[in-house]
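Single-structure report; data block below.
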Amino acid sequence: MARNIISLSLGLLSHLSTTTAKQPLAARDHVMRTFEEHFINTLTWTHPNTTVKLIGYKKIIMTPAQLLDLEANMAAQPVEWDALANSFYDPHEKTMRVYFPVEGALLYHDNELVEVSELGEHPHHETLNGDYAVVGRYKTDKVHGTQANRVEDGIVWLHEPAVPVRMYGERRNVMMYDFGWRAGSHAHDDDDDDDDDDDDDSHSHSGLSTRKEGEGGSCKQNHGGRVCSLVYNINHGRCKRDYSGCIDYNGWPKKNCKNHSDKWAFPGSDCFTAVARGHCWNEMDRALH
């Protein structure tokens with residue numbers, strides 16, 4: 001199915017975000033909604049605009065040092081940042097958001113599970129009797145679920161249903177979902193091997209906490225022991241690939257290809273692209289408290 005993501009003028013939106021950083025939340029909400037409406041308008045739908053459509057985002061949590069680095073690079077490289085049409089930086093929340101169509105989401109309609117397309121559309125329904133909670137997705141050879149999910153009868157269930165946080169469109173048929181957070185970097189040992197998805201593999205995420213990878217959602221665990229870029233054939237060519245470990249953080253600002261323990265380069269990376277295409281939304285689906 002056709003899909004077209006147009007590069008937006010995000011430099012302006014980033015500027016608006018920065019200039020409203022110390023203003024009331026109403027100004028922040030306006031900037032965020034403006035971005036989301038622009039992003040929705042870049043998507044090429046395959047069904048009429050009146051049918052139900054699901055869009056989601058994940059929040060990328062960063063340390064203060066990473067935030068300073070991101071803001072500095074946004075200012076120094078506005079063209080490169082503008083090209084990341086799926087990204088929005090919220091200076092209030094101090095997070096970057098990655099937006100995507102909610103590929104293959106399952107919802108209930110008339111007490112039966114219905115599935116949306118890879119573009120997050122349901123072709124036959126303009127409403128779902130008011131029940132818009134995303135409960136999970138089908139298990140496939142590419143999506144296996146994580147320890148944060150419950151996998152039963154071929155379905156990867158979310159830890160708890162995700163409900164829309166906002167609705168767009170004249171008929172309020174475009175649903176926006178918050179699918180939680182993920183850390184912007186991993187602190188791995190230099191001898192990290194292909195056991196990233198083992199239950200006893202612990203990582204420190206952005207200095208926030210230390211926990212088992214599977215508890216928040218492991219890319220390799222979700223994709224059957226393979227990194228997402230290998231599963232979905234995503235390779236931007238920034239580094240020589242070595243699929244023995246989780247080395248998908250090779251994006252912007254450009255990572256150090258000689259140091260696989262240096263994981264901070266999520267924006268625009270192979271892993272970022274997999275998230276932005278809607279492949280990985282069931283990972284790390286627990287909210288950050």
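The values are calculated or read from the model by the stated rules, or taken from the named source; none is laboratory data. As the structure is a computational prediction, the values presented were derived from the model and not from experiment. Positions of Cβ are backbone-derived with ideal geometry, glycine not excepted, and every protein chain shown enters the neighbour counts. Just the protein is used for accessible areas: all its heavy atoms, side chains included, with ligands, DNA and RNA removed. Shrake-Rupley method; radii C 1.70, N 1.55, O 1.52, S 1.80 Å.
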Of 156, 151, 135, which residue is outside any loop (DSSP other than H, G, I, E, B), of a type in the set (A, V, I, L, M, F, W, C), free of Cβ contacts under 8 Å to residues at least 24 places away in the same chain and farther than 23 Å from residue 33 by Cα?
151
Output yes when any residue across region 154-174 is in contact with a helix residue (DSSP H, G or I) (Cβ under 7 Å, 6 or more places away or on another chain) and crowded, with 21+ Cβ neighbours inside 10 Å, and no when none is.
yes
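Per-residue answers, yes or no, for (1) at pLDDT 95 or above; (2) within 16 Å of the chain's Cα centre (by Cα):
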position	(1), (2)
119	no, yes
133	no, no
137	yes, yes
145	no, yes
173	no, no
Pull out all pairs, ordered by first then second residue, where Cβ-Cβ is under 6 Å, the residues are six or more apart or on different chains, the first lies in region 98-121 and is on the phi > 0 side of the Ramachandran plot and among the acidic types (Asp, Glu), and the second is at pLDDT 90 or above and surrounded by fewer than 16 Cβ atoms within 10 Å (Cβ to Cβ).
none
If you take the residues in region 125-134 that are closer than 19 Å to residue 49 by Cβ and of a type outside the set (Asp, Glu), which one is most open to solvent (accessible area, probe 1.4 Å)?
127
Taking region 207-251 and keeping only residues that are at pLDDT 80 or above, among the aliphatic types (A, V, I, L, M) and crowded, with 22+ Cβ neighbours inside 10 Å, one is left with 227
Residue list for region 272-288, restricted to those being at pLDDT below 85 and either in contact with a helix residue (DSSP H, G or I) (Cβ under 8 Å, 6 or more places away or on another chain) or open to solvent by less than 10 Å² (accessible area, probe 1.4 Å) (or both)
283, 284, 286
Restricting region 109-124 to residues that are surrounded by fewer than 17 Cβ atoms within 10 Å (Cβ to Cβ) and touching a strand residue (DSSP E or B) at 6+ places or on another chain (Cβ under 7 Å), the one farthest from residue 39 (Cα to Cα) turns out to be 113
Residue pairs qualifying under the 7 Å Cβ cut-off, at least six apart or on distinct chains, with the first in region 67-80 being more than 15 Å from residue 251 (Cα to Cα) and the second being open to solvent by 60 Å² or more (accessible area, probe 1.4 Å) and basic (Lys, Arg), are 67/94
Can you spot a residue in region 89-100 that is open to solvent by less than 60 Å² (accessible area, probe 1.4 Å), touching a Phe, Trp or Tyr at 6+ places or on another chain (Cβ under 6 Å) and under 18 Å from residue 172 (Cβ atoms)?
no
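Every residue in region 56-70 that is within 17 Å of residue 98 (Cβ to Cβ) and of a type outside the set (Lys, Arg), please.
Within region 56-70, 56, 57, 60, 61, 62, 66, 67, 70 meet the criteria.
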Is it the case, given these coordinates, that residue 46 is open to solvent by 20 Å² or more (accessible area, probe 1.4 Å), more than 15 Å from residue 267 (Cα to Cα), modelled with pLDDT of 85 or more and not in a helix (DSSP H, G or I)?
yes
